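Structure, as structure tokens:
Bear in mind these aren't lab numbers, they're just calculated from the coordinates by the rules spelled out. All of these numbers come straight from a predicted model, not from anything done at the bench. Ideal geometry is used to build each Cβ from the backbone, glycine not excepted, and the neighbour counts take in all protein chains shown.
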Amino acid sequence: MSYQSDFDKVLEIGRPPNIRRLFPHSRALLVSGKVIDRALTAKGGAMTMAANGRSHIIIRGALQAAQRARAALIIEIARSEGGADAYCATNYWNLARQVDAVCNELNITVPVAIHADHYGIKQEADLPFARTEIPSLFDAGMTSIAIDASHLPDDLNLLASIDLARFIPSWAGHETEVGEIKGKLGLSTVAEALFLIQGLNAHDIFPDWIALNNGTTHGIEASDQGIQVELTAEIHRALEPYGVSGAQHGTSGNSADRLRAIAAGTRTTKANVATALQMVSWGLRVNDYGNALLDDQGEFIKVEGEGVAAELWQEMRDYAHRQGWTGGGYKKLNLVFENRIMGQPREIRERMARRVEDFVYSLLVDVFNAGDSADYALEAILETGSYDLGPKAGRTEFPDDWTEDKIRERAAAMGTDKGPAGDFSD
């Protein structure tokens, strides 16, 4: 069969119920995050990009790159970026609509998951609101979610994750997280990861991905510490019986060689890219690590004739200076200037998207080994005959060993090092 005939069949059976309800006449193949994970797992030695859609331009460029690479893709936004207190115009409730519209406009035929990244639970008091808000995200077209209670101690992380799992549709992609992302501080351990995954398994909860604190940071990487590949591989080997893949956060600032090692030597299938895409779209000069370069005065370097118009970039810089924003703080410009960016002439908007496309394509094909992974995604849906691929593993842990009291006892006995306290924002 041809890709087109397979595509038509998969379009009929592979779109989850919320997507079919929202977009009944769409030709966009929006699928569960499980489909994306299975595709990259089947290809082997490969991970795909979870492109952070902080702006409409980034969404367009990333989708064009995935189509060009024939790669399965994830488009995501985090709670801090697109939740109730957002600093981006893209949010949890309009992301799927933007992706669906662009896919139909540009005839994007690769499978795409819509992921609510870092749904952060920073205190137990966050849980009641989350029980209401999470279903609204799936009503709005999310097909995958990361419940991130890693800011809490191990027992509360697990208990919060058990609590909120009942609000995630069984067909949806599910990411969990152990270890708050702090760079080289408070690195995750095998014991912590097993504690979380085994505890979830005992309650019939089978995440597709786990994110670790494996030595990286969010935003602009300030050192060459970077992702600890062997630590990641060690934890993934320990989790193999539970069918959990890795989700790599904070790829900006890590070399292509290190990212290739993560794809080839660990069970990672999802790699988040955020800050680099923002900087590339604006037309800033970035190095091979995806970090924006600075001049002698500590200012970002704008590439002439690339990204936003020179006059608009000057306005953005001036606004950031007035607000006291430097470095990673420039991310807050997204919400303020999205409409100004979209109001630029077509040729400028198109060059912005094209720069993102070229950057994403290079990562997908030359670094992540994600090229042609769309074929594996279609095969997974056709073999299953459904949008719901089910879990990769069954329950092997005994529920009686993972009651609330025993969870607290186990956590107290681990004595893990979480690193320093602080606001390590996702």
| field | Net length gained if the chain between Ala256 and Ser26 were fully extended (0.36 nm per residue, minus Cα distance) | value | 79.2 nm
| How much net charge surrounds Gln344 when only other residues with a Cβ under 15 Å from its Cβ are counted (Lys, Arg +1; Asp, Glu -1)? | +2
| Across Lys9/Lys43; Lys9/Lys392; Lys34/Lys406; Lys43/Lys331, pairs whose alpha-carbon gap is larger than 27 Å | Lys34/Lys406; Lys43/Lys331
| query | Tally Lys/Arg at +1 and Asp/Glu at -1 over every other residue whose Cβ is under 13 Å from the Cβ of Trp209; what's the total? | reply | -2
| Förster radius 60 Å - calculated FRET efficiency between Leu127 and Glu383, Cβ distance, rounded to 0.05 | 0.95
| remark: The simple spin-label model distance between Ser5 and Asp318, using points 7 Å out along Cα→Cβ, in nm, is 6.1 nm
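Can you tally the net charge around Asp155? Count Lys and Arg as +1, Asp and Glu as -1, for every other residue whose Cβ sits under 12 Å from the Cβ of Asp155.
Taking every Cβ under 12 Å from that of Asp155, the sum is -3.
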| So for the chain, what are the equivalent ellipsoid semi-axes in whole Å, largest first, each being the square root of 5 times an eigenvalue of the Cα gyration tensor? | 32, 26, 20
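For the chain, what is the mean residue ellipticity at 222 nm derived from helices alone (per DSSP H run of n ≥ 4: -39500 (n - 2.57); sum divided by total residues; nearest 500 deg cm²/dmol)?
Calculated from helices alone, the mean residue ellipticity at 222 nm is -13500 deg cm²/dmol.
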| remark: The answer for Ser245, listing residues at least 5 apart or on another chain whose modeled amide H is closer than 5 Å to its amide H, is Trp209, Ile210
| task | Just order 188-198, 6-16, 323-333, 403-413 by mean Cβ neighbour count inside 10 Å, highest at the front, would you? | result | 188-198, 6-16, 323-333, 403-413
